[in-house]
Amino acid sequence: MNNKEFISELARKLGYTNKDTSQLVSTVIGVMTQELQEGKTVAIQGFGTFEVKKKLERISVNPVTQQRMLIPPKLVLSYKPSTNLREKFK
């Protein structure tokens, strides 16, 4: 399901227009992005938890040249599904 199909299905189920639904989804994603950028965790009951984790710097080895290189630390987005959602896929 792509974004257009998702918006259409959501609009059909909620009874809104596609334009209103698109604005709603954009607003939700915008708020979630802002909260994650501030370092906060976003938990959606029944769906899961999104959080930004810091990945520490590490040393990696190029398998071809055997050259060691330092990979700098970075932030990564992490998602952990809720137990209800996890149970549905077992």
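Only the coordinates and a few stated rules stand behind these numbers; no lab work does. Just so it is clear, the structure is predicted and the values come from calculations on it, not from any experiment. Positions of Cβ are backbone-derived with ideal geometry, glycine not excepted, and every protein chain shown enters the neighbour counts.
The table for this structure:
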{"quantity": "One residue from G15, G39 being touching a strand residue (DSSP E or B) at 6+ places or on another chain (Cβ under 8 Å) and loosely packed, with under 12 Cβ neighbours inside 10 Å", "calculated": "G39"}
{"quantity": "Odd one out for N2, checked against (1) surrounded by 13 or more Cβ atoms within 10 Å (Cβ to Cβ); (2) within 29 Å of L75 (Cβ to Cβ); (3) more than 12 Å from the chain's Cα centre (by Cα); (4) not charged (D, E, K, R)", "calculated": "(1)"}
{"quantity": "Evaluation of V76 against (1) free of Cβ contacts under 8 Å to residues at least 24 places away in the same chain; (2) loosely packed, with under 12 Cβ neighbours inside 10 Å (one fails), failing number", "calculated": "(1)"}
{"quantity": "Lone qualifier among S60, S8, S26 - being assigned to a strand (DSSP E or B), over 13 Å from L77 (Cα atoms) and not β-branched (V, I, T)", "calculated": "S60"}
{"quantity": "Among (1) in contact with a Leu (Cβ under 9 Å, 6 or more places away or on another chain); (2) touching a residue at least 24 places away in the same chain (Cβ under 8 Å); (3) not hydroxyl-bearing (S, T, Y) - the single one E57 does not satisfy", "calculated": "(2)"}
